[in-house]
Amino acid sequence: MTDDMPAAGDVESRIDTSVPHSARIWNYWLGGKDNYEADRKAGDAYREVFPGIDLLARASRGFLVRSVRYLAGEAGIRQFLDLGTGLPTADNTHQVAQRVAPECRIVYVDHDPLVLAHARALLTSTPEGATDYIDADLRQPDTILAQAARTLDLDRPVALVLSGTLGHIPDYDEARSIVRRMLEALPSGSHLSLNDGADTYPAANEAQENYNNSGAIPYVLRPVEQIAGFFEGLDLVDPGLVPCPRWRPEQEPTGNPAEEVNYGAVGRKP
């Protein structure tokens, strides 16, 4: 844990429980307890229009787990930089990676005060590895890189993880520039694990539009071609960019289209 971690009281004073927040709504859909009435109401309203949202949330989480397991296992990555951490649930990045290789080092990045309030519980690690947390905005890649270097050796391969995060950057060019800047600072052999929402399912598009008009921080569902653009210059790991349940599944996907709104891939920097 870094010495500049804000005090718990300072963090809690920044939490606005009257406005729904995506991290807390996502926690609600995954069956977590770290949410408030405004989040549950927004989550229920979303579910009324798009009943498959719980399936989608689990599919996205499943992709994160499988991709991190691949990176720490077959790809041999020992360093992870997880941008847009979200609230801790089961099988967080550090837990998955350190089960495969206890010496893995993980840095989480988020700027949500409720996530920050839980960072002390999240910041656990095996004795052989390390886990740290950075309070920074996704739009501050240079700040993130400078602080991550306290825990990670940026001269060695790093897995950059963006799980359901870039939809919060409405401008596509800005979102691509963030990914590009982060990858430019990482050496050959680094990887990108990314999954995000696609505009492929009308009910999900309608539910997301209603949510974005609610006063909460908006999230953009993008064409699959734009999600593919985040991997420009990388070598995609088989099976490439696919709906999350179809990326190296451990069981046969159900075929429910609600599960296939989120697309994910893993790419390696040459």
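A few points about this structure:
- Table column - 3J(HN,Hα) (Hz), the stretch 71-84, Karplus curve with 6.51, -1.76, 1.60, x for Gly and Pro: 5, 6, x, 4, 7, x, 6, 10, 9, 10, 10, 9, 9, x
- Fully extending the segment from S177 to T254, taken as 0.36 nm per residue of separation minus the present Cα-Cα distance, adds 24.2 nm.
- Mean ellipticity per residue at 222 nm, deg cm²/dmol - from DSSP H runs of n ≥ 4 across the chain, formula -39500 (n - 2.57): -10500 deg cm²/dmol
- Principal semi-axes of the equivalent ellipsoid, √(5λ) from the alpha carbon gyration tensor of the stretch 140-225, are 30, 14, 10 Å from largest down.
- Inter-label distance, nm, simple model (7 Å from Cα along the C-beta direction), Q226/E48: 2.8 nm
- Beta bridges assigned by DSSP with both partners in the stretch 18-268 are antiparallel in approximately 35 percent of cases.
- Most mobile of L81, L55, L241 in a GNM of the chain (Cα contacts under 10 Å): L55
- Mean Cβ neighbour count within 10 Å, used as a protection proxy, ranking 262-268, 219-225 highest first: 262-268, 219-225
- With contacts taken as Cα pairs under 8 Å at a separation of at least 6 residues, the chain carries a relative contact order of 20 percent.
- Loop-resident GluC sites (Glu not before Pro) (DSSP state other than H, G, I, E or B) in the stretch 38-142 with no more than 11 further Cβ atoms inside 10 Å of their Cβ: E74, E128.
- Set against the 2.2 N^0.38 Å expectation for a compact globular protein, the stretch 13-133 has a Cα radius of gyration ratio of 1.13.
- In the stretch 18-268, one over the average inverse separation of all distinct C-alpha pairs is 18.1 Å, which is the Kirkwood hydrodynamic radius.
- Burial ordering of S177, S60, S67, fewest other beta-carbon atoms within 10 Å first: S177, S60, S67
A short reminder: the numbers here are calculations on the coordinates, not readings from a lab. Predicted model only: the values in this text are computed from it and were never measured. As a convention, Cβ positions derive from the backbone with ideal geometry for all residues, glycine included, and neighbour counts pool all protein chains shown.
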